[in-house]
């Protein structure tokens, strides 16, 4: 891990980030927070619906605007996060919260891919799914919430280590 962090910090991106000036890290941090909040807010709405809240609202009505927002938030959070970590990557070596955050992100993204492949999700985007499909979607929504809450909590704790 240290080798990768050393490479990232010494990369052209790391050099560029350190050369941008005193305000650049703060701007990237704000972009990261905006990305995280956009991602998590959108995911929260979808997951709560999959868990059975607002059952009178079709999944497609929530997913229609929330899925593209979540994807945009995820991209913004990832890009700004990579830029921020490259600034002083070696300082994160040994931080246990990094070792929690990144696997949680990976599991969250795997969950998204699995949900998109579920016939239950495809059905829910068209009409009300069966009870069995609703249970599948509920498990997926709960898994998603655990992954993204873990990501947010671990990410917040990184700075306190």
Q) Is it true that some residue in segment 123-143 is modelled with pLDDT of 95 or more and closer than 30 Å to residue 12 by Cβ? A) no
Q) Which of the residues spanning segment 64-94 are touching a residue at least 60 places away in the same chain (Cβ under 8 Å) and touching a helix residue (DSSP H, G or I) at 6+ places or on another chain (Cβ under 6 Å)? A) 83, 84, 86, 87, 89, 90, 92, 93
Q. In segment 1-54, which residues are under 30 Å from residue 128 (Cβ atoms) and either modelled with pLDDT under 95 or not in a helix (DSSP H, G or I) (or both)?
A. 51, 52, 53, 54
Q) So which residues in segment 1-32 are under 16 Å from the mean Cα position of the chain (by Cα) and surrounded by fewer than 14 Cβ atoms within 10 Å (Cβ to Cβ)? A) 30
**Q.** Unmet requirement for residue 155, which otherwise passes all of (1) over 16 Å from residue 52 (Cα atoms); (2) buried (at least 19 other Cβ atoms within 10 Å of the Cβ); (3) more than 19 Å from the chain's Cα centre (by Cα)
**A.** (3)
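The values are calculated or read from the model by the stated rules, or taken from the named source; none is laboratory data. Fair warning: this is a prediction, and the values are worked out from it, not measured in the lab. So basically every Cβ, Gly included, is an ideal-geometry build from the backbone, and we count neighbours across all protein chains shown.
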